[in-house]
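Here the structure comes first, spelled out in structure tokens, and everything after it is commentary.
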Amino acid sequence: MAQTVARPTATTPAVPVKLPLRAVAPWAVFFGILMLVLLYFVGAEQGATSVFNGTDVHEWVHDARHLLGFPCH
């Protein structure tokens, strides 16, 4: 039974891809605004600052409020 030894081969080093800021900025702004809207609904959508009448939104995000440490009772 013969044994073979793997020999390293010459490879080119990996070059990281450079993303231009103009390509990333619109997505960063979009996701930033989306996160602020979600934070509002989870953190402040009840009582005097309520956008929607009733407690439907509060009930949908109730567990997330407790998970993130927002008081709601």
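Among residues of the range 23-50 that are of a type in the set (Asp, Glu), none has a beta-carbon under 9 Å from a residue that is surrounded by 10 or more Cβ atoms within 10 Å (Cβ to Cβ) and at pLDDT 95 or above at least six positions away or on a different chain.
I'd like the full set of residues that are aromatic (Phe, Trp, Tyr) and modelled with pLDDT under 90, limited to the range 22-44. Matches in the range 22-44: Tyr40, Phe41. When residues in the range 45-57 are screened for being in a helix (DSSP H, G or I) and open to solvent by 100 Å² or more (accessible area, probe 1.4 Å), 2 of them pass. Given the conditions (1) part of a loop (DSSP other than H, G, I, E, B); (2) surrounded by 10 or more Cβ atoms within 10 Å (Cβ to Cβ), and given that Val42 satisfies all but one, which numbered condition is not satisfied? Status for Val42: all satisfied but (1). Residues that are open to solvent by less than 90 Å² (accessible area, probe 1.4 Å) and without any contact (Cβ under 8 Å) to a residue 60 or more places away in the chain do occur in the range 13-20, at least one of them. Here Phe70 passes the criteria (1) open to solvent by less than 100 Å² (accessible area, probe 1.4 Å); (2) in a loop (DSSP other than H, G, I, E, B); (3) without any contact (Cβ under 8 Å) to a residue 24 or more places away in the chain except the one numbered (3).
The values are calculated or read from the model by the stated rules, or taken from the named source; none is laboratory data. Quick caveat: nothing in here was measured; it's all calculated off a predicted structure. FYI the Cβ positions are ideal-geometry reconstructions off the backbone, even for glycines, and counts take in every protein chain you see. When the accessible area is computed, the model is the full protein with side chains, heavy atoms only, and any ligands, DNA or RNA have been set aside. Shrake-Rupley method; radii C 1.70, N 1.55, O 1.52, S 1.80 Å.
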